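Engineer: My questions will all concern the structure given below.
Values quoted throughout were computed directly from the atomic coordinates according to the rules given, and no laboratory measurement underlies them. Owing to the predicted nature of the structure, the values given are computational and were not obtained by experimental measurement. Using ideal geometry, Cβ is built from the backbone for each residue, glycine included, and neighbour counts are taken over all protein chains shown.
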Amino acid sequence: MIEVKDDWCKGCNICIDRCPVDALEESDNLNRRGVRPPKLKEENECNYCRLCELICPDLAITVIPEEDDKKPVKKTLLTPVGGKLK
Amino acid sequence: MVEIKTADELNKKFLREGMWPTIFCNGCGHGVVLEYTFWALEELGLDMDKVIFASGIGCSSRLPGYINADGLHTTHGRAIAFATGIKAANPDFHVIIFTGDGDCAGIGGNHFIHAARRNIDMTVIMINNFIYGMTGGQLAPTAPLGSIATTAPYGNIEHPFDISNLACALGANYVARWGVSHPYQPIKSIKEGLEKRGFSLLEFLAPCPTAYGRRNKLGDIKKHWAWYDDNTILIEDYEKIMKYGTEEEKAQVKDKIQLGVFQDIQKPGFFESYEKLVDRLREKETKAKEGKK
Ligand SMILES: Cc1ncc(C[n+]2csc(CCOP(=O)(O)OP(=O)(O)O)c2C)c(N)n1
Ligand code: SF4
Ligand code: SF4
Ligand code: SF4
Ligand SMILES: [Mg+2]
């Protein structure tokens, strides 16, 4: 489960952009800043890697793993990749 | 002690209630550095009554205001001097300084140099966004060549300060540079810096979309953040490529900014040596007194 403190989110969309399994999208509700905080997609592969939680500049996200729902962890974006030649 | 597992619990423990959300712009990297610091403090299990923060002036220097701990928000560039005072008054405190590139490498440069040289026990977290963010985008001494700033409208022609390199040359005990978009190494590194006696510097390259990114046409927030991935390289990879890579590979990485731990040594810190000095003099004095009897 992903909890978002709607009023803390400033709408940078870094979480959506950086999620390694593309599990997040903008929600339908506007917060009081006029931005749409993220939510998990209806169908998603979220593996609770916690990247979105750790890099949200406004500390708006909390990831709460669902214990019985184990998914393969994909760690692609968790280490600096700048050195790897593409 | 209750073990903290989620960001929500972490925030409840470390954030100063009522101050959040921050004044920072959308997409600013400063908040991320704060969160990494929280995790490092939590993982070390430091007693927050024994941790004091100090900062100067700038967007980055506002960070201690968001932390539920004692802190000094001082004058521009002088945080390190105040922090030295705290440490001198009570060496039991952990002193952490949040500072910006302008605050630390610009106006506060001399304080920084001498604190590093003297190996004063403190952890300096310098957030380098290549610009004076708070005052609207004047050129910082760390800005890459060609950067556009209000005071460099035609592009920066001054060579940038490599503050991590400087700290290494000054013999600081711990020196590391990281970006904000990959969490684990920086959190581990902050922990190492905090545990280290003597001077430690953690330099963070952080996006400032408002004053730097926009002016330097680095695109929207997403592209601006990606710039740091494309233009940085882990020091280990850099060294390997420079040693064994092809000419083409070398050309690709030679201008990238290196990330990683640059120095990790253990020279005695200032206060350690000072304590020893005091002990030695005391002993000498008692001996002299005993001699007179
Ligand atoms: C003695 C003094 N000179 C100038 C200023 C104006 N001033 C405030 S913040 C700042 C620059 C801060 O830059 P930096 O440390 O990089 O922080 P950032 O906002 O980029 O995080 C300046 C020049 C001041 N407050 N005091
Ligand atoms: S990273 Fe944080 S502030 Fe940015 S869109 Fe996601 S929840 Fe909002
Ligand atoms: S926890 Fe990981 S996988 Fe799940 S939404 Fe966040 S970044 Fe994506
Ligand atoms: S001006 Fe730059 S450094 Fe200051 S809050 Fe905005 S993005 Fe962050
Ligand atoms: Mg700055």
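Engineer: Which percentage, to the nearest 5, of the DSSP beta bridges contained in segment B:7-292 is antiparallel?
Structural biologist: 20
Engineer: Relative to the Cα centre, what is the charge dipole magnitude of chain B, using +1 at the beta carbon of each Lys and Arg, -1 at the beta carbon of each Asp and Glu, and rounding to the nearest 20 debye?
Structural biologist: My answer is approximately 920 debye.
Engineer: For the charge dipole of segment B:120-270, defined by +1 on Lys and Arg C-beta atoms and -1 on Asp and Glu C-beta atoms about the Cα centroid, which residue among B:Ile120, B:Ala149, B:Tyr184 has the Cα displaced farthest towards the positive pole?
Structural biologist: Sorting the options by dipole projection puts first B:Ala149.
Engineer: In peptide B:220-231, what is the residue-averaged number of other protein chain Cβ atoms found within 10 Å of each Cβ?
Structural biologist: Per residue, the average neighbour count from other chains is 3.
Engineer: Can you find, among A:Asn47, A:Ala60, A:Ile2, the residue sitting farthest towards the positive end of the charge dipole of segment A:2-63, where Lys and Arg contribute +1 and Asp and Glu -1 at Cβ?
Structural biologist: Value computed over the given set: A:Ala60.
Engineer: For the protein assembly as shown, with only Lys/Arg (+1) and Asp/Glu (-1) charged at the beta-carbon, what is the dipole magnitude about the Cα centre, in debye rounded to 20?
Structural biologist: It comes to approximately 1480 debye.
Engineer: Cα centroid distance between segment B:155-232 and segment B:78-124, in Å?
Structural biologist: Going from one Cα centre to the other spans 18 Å.
Engineer: Enumerate the calculated ³J(HN,Hα) couplings along segment B:212-219 in order (Karplus 6.51 cos²θ - 1.76 cosθ + 1.60, θ = phi - 60°), each rounded to whole Hz, writing x wherever the residue is Gly or Pro.
Structural biologist: Karplus values, whole Hz, x for Gly and Pro: 9, x, 4, 5, 8, 6, 8, x.
Engineer: Which log10 I(q)/I(0) values does segment B:4-143 give at q = 0.09 Å⁻¹ under the Debye formula, counting every alpha carbon as one identical point scatterer?
Structural biologist: -0.26
Engineer: Quick one: putting +1 on the C-beta of Lys and Arg, -1 on the C-beta of Asp and Glu, what dipole do you get for segment A:2-63 around its Cα centre, in Debye to the nearest 20?
Structural biologist: With Lys and Arg at +1 and Asp and Glu at -1, about 300 debye.
Engineer: Nearest 5 percent is fine: what portion of the DSSP beta bridges confined to the protein assembly as shown is antiparallel?
Structural biologist: Roughly 30 percent of the beta bridges in the protein assembly as shown run antiparallel, per DSSP.
Engineer: Hey, quick one: spin label on B:His114, modelled 7 Å out along Cα-Cβ, who in segment B:58-80 has an amide N within reach, i.e. under 19 Å?
Structural biologist: Answer for segment B:58-80: B:74-80.
Engineer: Sticking with this structure for a sec: Trypsin sites (Lys or Arg not before Pro) within segment B:163-232: which are DSSP loop residues with at most 10 other Cβ atoms inside 10 Å?
Structural biologist: B:Lys217
Engineer: So, in nm, how far is label A:Ser27 from label B:Arg16 when the simple model puts each one 7 Å beyond its Cα toward the Cβ?
Structural biologist: In this crude spin-label approximation the distance works out to 2.9 nm.
Engineer: Along the three principal axes, how long is segment B:91-168 when you take its alpha carbons, biggest first, rounded to the nearest angstrom?
Structural biologist: 48, 24, 15
Engineer: When every alpha-carbon pair in the protein assembly as shown is counted, what percent end up more than 28 Å apart?
Structural biologist: Beyond 28 Å sits 47 percent of the P(r) for the protein assembly as shown.
Engineer: Here's another thing I want to ask about it. Per residue, how big is the convex hull of chain B when only Cα atoms are used? Give it in Å³.
Structural biologist: For chain B, the hull spanned by Cα atoms encloses 161 Å³ per residue.
Engineer: Along the positive direction of the dipole of chain B (beta-carbon charges: Lys, Arg +1; Asp, Glu -1; about the Cα centre), which of B:Tyr66, B:Cys208, B:Gly27 reaches farthest?
Structural biologist: B:Tyr66
Engineer: Enumerate the whole-percent occupancy of each 10 Å bin, from 0 to the last occupied one, for all C-alpha pair distances of segment B:203-291.
Structural biologist: That works out to 14, 23, 19, 14, 11, 10, 7, 1, in percent per bin.
Engineer: Also, quick follow-up: Once every DSSP H run of n ≥ 4 in chain B is given -39500 (n - 2.57) and the sum is divided by its residues, what mean residue ellipticity at 222 nm do you get, rounded to the nearest 500 deg cm²/dmol?
Structural biologist: Helix-only estimate at 222 nm: -12000 deg cm²/dmol.
Engineer: On to the next question. Over segment A:2-63, one equal point on each Cα, no solvent: what is log10 I(q)/I(0) by the Debye formula at q = 0.27 Å⁻¹?
Structural biologist: -1.22
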